[in-house]
Structure formats: structure tokens, C-alpha cells
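Each remark here refers to the structure printed beneath this line.
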Amino acid sequence: MEIHKISVIQGDITKQHVDAIVNAANNTLLGGGGVDGAIHRAAGPRLLEECKLIGGCKTGDAVITLGYRLPANWVIHTVGPVWRGGTHGEAGLLANCYKNSLRLVVKHNIHTVAFPSISTGAYNYPVNDASYIAVKTVAAFLKTNPSIQEIRFVCFNNATYSAYMHALNKYRQEI
Ligand code: ADP
């Protein structure tokens, strides 16, 4: 059952020993605050150089780089939607972040991947809704992509951790 491949922990994504970590980046890919800043600090300056060569990323899309000084070999950069009340396609764009990131996971033969809580920091997406979209989208992807071994949601604070645990339990009860 694919749900057993999903885990939720509280911690720092830059410290995760997985094949790939996902970055909640912005459209420029030039670094920012929050998890983006933490990943660039931990990976070192060559990450920014590679991001500059890529040149940018549309909201909902994802691109992949090396992990440089991180324990993870890869960083997948995806751009979540800014919350604008929920009527601007935010839910679909957020689901696309997870799907497009996981497409890169499969393409690069990556087996273990860690996600942060995309869009729920500076981009203000309500975490209860965002966490359920995250869980549901990755579970659906796992069903048709058995090569992925683990998808870990790394929650930076207690409120985020509670929301993801709740979303995972809610999804479990629905299937
Ligand atoms: P966004 O702009 O997509 O909202 P943020 O980085 O502002 O991205 O926030 C996304 C989530 O990442 C928030 O829950 C924030 O607390 C969390 N976060 C910040 N630093 C880290 C980190 N080092 N590891 C994991 N999550 C982090």
C-alpha cells in the first residue's frame, strides 16, 4: 500500500539523508527567505550558480539541480502559488508542484525524497488545506510509480507537523 511510503517528521529539510530534497523556491530561482534561504546556505554558492543558468521556473513547475554540500544528491526546485483567497487556481497549482517534482524524481531514478510544506510560509497558503493536497497528490502518484520508496514531509514547526499528521490520518480513513 502506497500510504506506507509516506512519512511525516518535524525537522530541518537541509539535514535529511535522502536522495533528493525539494525546495519551495520562487519564480526567479535566485534564492529567498524561509526554506529556500536555508537550502542555499547549506548547499553553498554553486547551487545559486546552477540556478542562474536555469533562469527561472513557472508557478507549479519544477526543475532539478545537484545538492552540492547537502547530504542529498539532488535539489528539486518547485514554485508554489501565492495564496490569493483560493479562487485563483491555487489548489491546482499546488498539486502541480508535487506532481512535477515527483515526475523529476522518477526521471532521475531517485528513490527517496523529502518535501517541505510548499506555499504555507511566506506564500500564506492555509496549512490545513495545503497539507491535504500534498498528501493526496503524492499518494495518487505513488500508486502508478512503484519505483519511489519513500516520500518524507519535513515540517519545520509543530503546527505544520500537526496539520500533516492530521491530513495523513484523514486520507487513511478515506481510502
Ligand atoms: P513559501 O514561500 O512556499 O511559503 P517558505 O519557505 O516561506 O515557502 O515556507 C514553507 C515552509 O517551509 C514553512 O512551513 C516554513 O516554516 C518551512 N521551513 C522553513 N525553513 C525550513 C527548513 N530548514 N526545513 C524545513 N522546512 C522549513
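When the P(r) of the chain is calculated, the portion above 29 Å amounts to 11% of the C-alpha pairs. If R0 is 25 Å, the Cβ-Cβ spacing of L30 and N124 corresponds to a FRET efficiency of close to 0.75. The length gained on full extension between V106 and Q149, counted as 0.36 nm times the residue separation minus their Cα-Cα distance, comes to 14.4 nm. When DSSP beta bridges are restricted to pairs lying wholly in the range 2-174, around 25% turn out antiparallel.
Long hydrophobic helices in the chain: the complete DSSP H runs spanning 20 Å or more by Cα along their own axis with mean Kyte-Doolittle hydropathy of at least 0.0 are 90-107, 127-144. Between K52 and K170, the FRET efficiency estimated from the beta carbon spacing at R0 = 45 angstrom works out to 0.65.
Lys-Lys pairs in the range 2-174 that are eight or more residues apart or on separate chains and whose Cα atoms lie under 26 Å of each other come to 23. Give the shape of the range 77-175 as rounded, prolate or oblate, defined through the alpha-carbon gyration tensor: a ≥ b ≥ c are the square roots of its eigenvalues, a/c under 1.5 means rounded, and otherwise the shape is prolate if a/b is larger than b/c and oblate if not. Because a/c hits 1.5 or more and a/b exceeds b/c, the range 77-175 counts as prolate.
Each value in this text was obtained by applying a stated rule to the coordinates, not by laboratory testing. Note that the coordinates shown come from a computational prediction; the quantities given were computed from them, not determined experimentally. Because the Cβ atoms are built from the backbone with ideal geometry, glycine has one as well, and the counts that use them run over all protein chains shown.
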